[in-house]
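The values are calculated or read from the model by the stated rules, or taken from the named source; none is laboratory data. These numbers were taken from a predicted model, which means no experiment stands behind them. Cβ placement follows ideal geometry from the backbone for every residue including glycine, while neighbour counts extend to all protein chains displayed.
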Amino acid sequence: MTSPTSGPAPIVPALDRARAKAYRRLLPLLFLCYVIAYVDRANVSIAKLTMTRDLPGFDNAVIGFGAGVFFWGYFLLEIPGTLLVERWSARKWICRIMITWGIMAALTAVVKTPMQFYVVRFCLGLAEAGFFPGIIVYLTHWFPSKDRTRALAFFFVGTPVAQIVSPKISNALLKIGSDEVVNGVTVHHPALFGLQGWQWVYIFWGLPAIVLGVAVFFVLKDRPRDAAWLTPEEREALESQLAADKARSGAKRLTLLQALSHPKVLLIAFAYFCAVTGSYGIEFFLPSILQQWYNLKIDAITWLVILPPILALAAQLFVGWNSDRTQERRLHAVVPIALASLALGLAPLTAGNLPLTILCFMIGFGGLKAYLPAMWALPSLFLSDTAAAGSIGLINSLGNLGGFFGPAVLGKVQTVTGSFVGGLYYLCASTALSALILFYLGLGKRAAPASANE
């Protein structure tokens, strides 16, 4: 019964109800999965601060190569994994991915030699292959085009959230089995079950992936027609809107091989490679850069490395929201990358001034996360169905090889020269090239206003 003053409650169209339910039901779980996935691939940046002390022969070159070799395993199974999401079942494939990557992440705790480290990291990449592009394809099964970039942004912020939450937890774990000076007194933290702190970092963050993998199997639904939590009217409205978006987009129905050799797909992949080179170079070595430039304690470092992802979190949400609002993708991808390139080029000049150094890495890191929602909306502008899924897998697999080159180059340059400066200039040039490619590619310009009856 309605009150005389309030009038009848507004009737929410079935499509809007379905969209709201999809946000509530799907994105929180996918977000949590990505948080854990990102910690498991990147926690080596914190673990290495004591891992290199306990394991002879583990210098920056070994850590950089091992951190990056993850992406070669990722590369091999990326396209098949993405196609399985499109043609088979996202729920079952993502469940398999998470359980196996959780096991491999935890096994990093038992490595003793560089070769064992390389093998485990490679297998971790094999285990996780298909997760990230699979989610991107999965979201196209649920979110109409006007919601897609915002949905991607909510998923992508798992990266900065992971990097805000994990450093202090990992720092506390690192103290296991170590000595710490507190108020001038040396305090010994005993080992736990005979394992050191860096080993517990890998175990602690590997276990949640297994638990979430089981949750994915029971909670996710592959498509709207499978969701019992949508009414028949809501399912029909959402499926109809998704079909209408596909028909209106003008996306080409190419074969998989045609899509994988499409010049625009290859250029996006190369641009992504250049941007990822910069992103992972910073992520894996920012703690080490701060340690070398300012001789900081681990406690201070793990506070400072939280600041860049805080800016990235805000920037990513803004780009996702504003890109959907304006229906413009190109500049929303290009401008953040260009700003990141400028910041990385200036960072070596700030050595000795900690606030300016942190500011440069905040802008660099923020830019190299903010562009992602807009860039990943580009393939569906000119491809559809299996061709789009395959191209997304190719872009991610080729692009993520930058995750090998960034850390490997930065670690090798530091080992050979004793300085990170040359490596930072390499990251600057790589990200600048990424921005130029996406700008001149011309995809994703502001869409023409929709007609009133759309």
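A few remarks follow.
- From the options Val161, Val165, residue that is modelled with pLDDT of 80 or more and crowded, with 19+ Cβ neighbours inside 10 Å: Val161
- In summary, Ile301 fulfils each of the numbered conditions (1) closer than 30 Å to Ile176 by Cβ; (2) over 21 Å from the mean Cα position of the chain (by Cα); (3) surrounded by fewer than 18 Cβ atoms within 10 Å (Cβ to Cβ) with the single exception of condition (3).
- Check on Ile103, in contact (Cβ under 8 Å) with a residue 60 or more places away in the chain, crowded, with 24+ Cβ neighbours inside 10 Å, at negative phi and in a helix (DSSP H, G or I): no
- From Gly403, Gly393, Gly367, residue being assigned to a helix (DSSP H, G or I), over 18 Å from Ser279 (Cβ atoms) and within 17 Å of the chain's Cα centre (by Cα): Gly393
- Residue that is modelled with the lowest pLDDT [pool: residues in segment 134-158 that are of a type in the set (Ser, Thr, Tyr) and touching a Lys or Arg at 6+ places or on another chain (Cβ under 8 Å)]: Thr149
- Any hit, segment 58-72, residues being buried (at least 18 other Cβ atoms within 10 Å of the Cβ) and under 30 Å from Arg225 (Cβ atoms): no
- Selection from segment 293-309 of residues that are modelled with pLDDT under 90 and not in a loop (DSSP other than H, G, I, E, B): Ile298, Asp299, Ala300, Ile301, Thr302, Trp303, Pro309
- Every residue from segment 42-57 that is within 15 Å of the chain's Cα centre (by Cα) and surrounded by fewer than 23 Cβ atoms within 10 Å (Cβ to Cβ): Ala42
- The set of residues from segment 174-203 being of a type outside the set (Val, Ile, Thr), over 20 Å from the mean Cα position of the chain (by Cα), modelled with pLDDT of 75 or more and outside any loop (DSSP other than H, G, I, E, B) comprises Leu174, Leu192, Leu195, Gly197, Trp198, Gln199, Trp200.
- Some residue of segment 147-155 being buried (at least 24 other Cβ atoms within 10 Å of the Cβ), polar (S, T, N, Q), over 17 Å from the mean Cα position of the chain (by Cα) and over 19 Å from Asp222 (Cβ atoms): no
- Hits in segment 337-364 - residues which are of a type outside the set (A, V, I, L, M, F, W, C) and not in a helix (DSSP H, G or I): Gly352, Asn353
- Criterion violated by Leu230 - all others in (1) modelled with pLDDT of 85 or more; (2) among the aliphatic types (A, V, I, L, M); (3) within 23 Å of Trp101 (Cα to Cα) satisfied: (3)
- Residue match in segment 313-332 (condition: surrounded by 22 or more Cβ atoms within 10 Å (Cβ to Cβ), closer than 24 Å to Phe70 by Cα and touching a residue at least 12 places away in the same chain (Cβ under 8 Å)): no
- The set of residues in segment 73-84 that are buried (at least 23 other Cβ atoms within 10 Å of the Cβ) and either over 30 Å from Ser419 (Cα atoms) or not aromatic (Phe, Trp, Tyr) (or both) comprises Glu78, Ile79, Gly81, Thr82.
- Residue in segment 121-138 that is surrounded by fewer than 21 Cβ atoms within 10 Å (Cβ to Cβ) and of a type outside the set (A, V, I, L, M, F, W, C) present: no
- Filter result for Leu424 (modelled with pLDDT under 85, in a helix (DSSP H, G or I) and buried (at least 19 other Cβ atoms within 10 Å of the Cβ)): no
- Residue check for Gly390: at pLDDT 85 or above and out of contact with any Lys or Arg (no Cβ under 8 Å at 6 or more places or on another chain): no
- Matching residues, segment 204-232, being in a loop (DSSP other than H, G, I, E, B) and either buried (at least 18 other Cβ atoms within 10 Å of the Cβ) or charged (D, E, K, R) (or both): Leu220, Lys221, Asp222, Arg223, Ala227, Leu230
- Residue match in segment 321-336 (condition: part of a helix (DSSP H, G or I), modelled with pLDDT of 90 or more and within 30 Å of Gln291 (Cβ to Cβ)): yes
- Among the conditions (1) touching a residue at least 40 places away in the same chain (Cβ under 8 Å); (2) farther than 15 Å from Cys33 by Cβ; (3) in a helix (DSSP H, G or I), the only one that Val119 does not satisfy is (1).
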